[in-house]
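See structure below.
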Amino acid sequence: RKVAPLPKPLHHAAIGAVNGRLYVIGGFTGTLSWTPSNAVYEYDPESDRWATKKPMPTARGALAVGVYQITLYAVGGYADGQNSSANEMYSPSSDRWEPKAPMPTARDHLAVAVVGDTLHAVGGRLKSSYAHNLAAHEAYDFKQDRWVKKAPLPTPRSGITAGVLHDQIFILGGEAPEGTFDLNEAYNSKTDRWQAMAPMPTARHGLGAAGVGNHLYVISGGPRPGGSFSDVNE
């Protein structure tokens, strides 16, 4: 069923959920525009209403958001022809932002996943060009506010999604000049190793994923590089 639309149209925004509310952070404005946004919108499913919250300090799109306890971390992105290494923490309870240790490799169209007390920033691209995909994998320790390098993503790609099941991180999809990826590569944080898993039936980029119970749902995405779309749910 359809619910209340976003207060403002956005693309390449990042999303996280805290205490039963949805937070849409950053992105780009306009249908064909790449103007970076610092907007933060909070959605309450009980009232079916959106609220505008304190803006993110660094406007950017094609970023990623990770959730740790009751805070959100906005990492990386792209703005005005440059990549961002920003790592900024948002606390919904106080409606405040706080800068944290920047990500070592500035990039956009990356994916992040949280396992335990660590955020993993995986893949991505340089200056929004999927001809410059990265295998970068850097882990952020929330308690120590520092980054360390981890085993690189086996296949450099961007426009990817991440899902977590039983403390394993799954990186799916992506795009490159040659086409889109059906790849599903899993990372074990205890062994710092990657493993190839069953590929997706449908190759695509710009997709989303969510773990529910013992299953990972991978939804939507473009079957061709660039502006393409699908309603796939596998």
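Quick look at the numbers
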quantity: Phe181 accessible area, assembled protein chains, probe 1.4 Å, Å²; calculated: 40 Å²
quantity: Assigned charges on the beta-carbon of Lys, Arg, Asp, Glu; the stretch 180-234 dipole about Cα centre (debye); calculated: 80 debye
quantity: Sequence-separation-based contact order of the chain, relative, with Cα cut under 8 Å and 6+ spacing, percent; calculated: 10 percent
quantity: Residue order for Ser220, Ser91 - accessible surface, 1.4 angstrom probe, largest first; calculated: Ser220, Ser91
quantity: Kirkwood hydrodynamic radius over Cα pairs of the stretch 56-125, then Stokes diffusion coefficient at 20 °C and 1.002 mPa s, in µm²/s; calculated: 178 µm²/s
quantity: Spatial separation of Cα centroids for the stretch 54-107 and the stretch 154-216, in angstrom; calculated: 22 Å
quantity: Anisotropy class of the stretch 1-139 from Cα gyration tensor, a/c 1.5 cut; calculated: oblate
quantity: The stretch 122-234 - charge dipole about Cα centre, Lys and Arg +1 at Cβ, Asp and Glu -1, debye rounded to 20; calculated: 300 debye
quantity: With DNA, RNA and ligands ignored, accessible area of Tyr73 (1.4 Å probe; Å², nearest 10); calculated: 10 Å²
quantity: Inter-label distance, nm, simple model (7 Å from Cα along the C-beta direction), Leu22/His215; calculated: 1.9 nm
quantity: Leading residue at positive end of dipole, the stretch 1-108 (Cβ point charges), from His12, Thr58, Leu32; calculated: Leu32
quantity: By accessible area with a 1.4 Å probe, ligands and nucleic acids excluded, highest first: order of Trp50, Trp97; calculated: Trp50, Trp97
quantity: Spatially close lysines, pair count over the chain: Cα under 25 Å, gap of eight or more or interchain; calculated: 17
quantity: Prolate/oblate/rounded label for the chain (Cα gyration tensor, a/c 1.5); calculated: rounded
quantity: Ellipsoid equivalent to the stretch 119-227 - semi-axes via the Cα gyration tensor, in Å; calculated: 22, 18, 12
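The values are calculated or read from the model by the stated rules, or taken from the named source; none is laboratory data. Just so you know, these numbers come straight off a predicted model, no measurement behind them. For neighbour counting, all protein chains shown are included, and Cβ atoms are generated from backbone atoms with ideal geometry for every residue, glycine included. These accessible areas exclude ligands, DNA and RNA; they are computed on the full protein's heavy atoms, side chains included. Shrake-Rupley method; radii C 1.70, N 1.55, O 1.52, S 1.80 Å.
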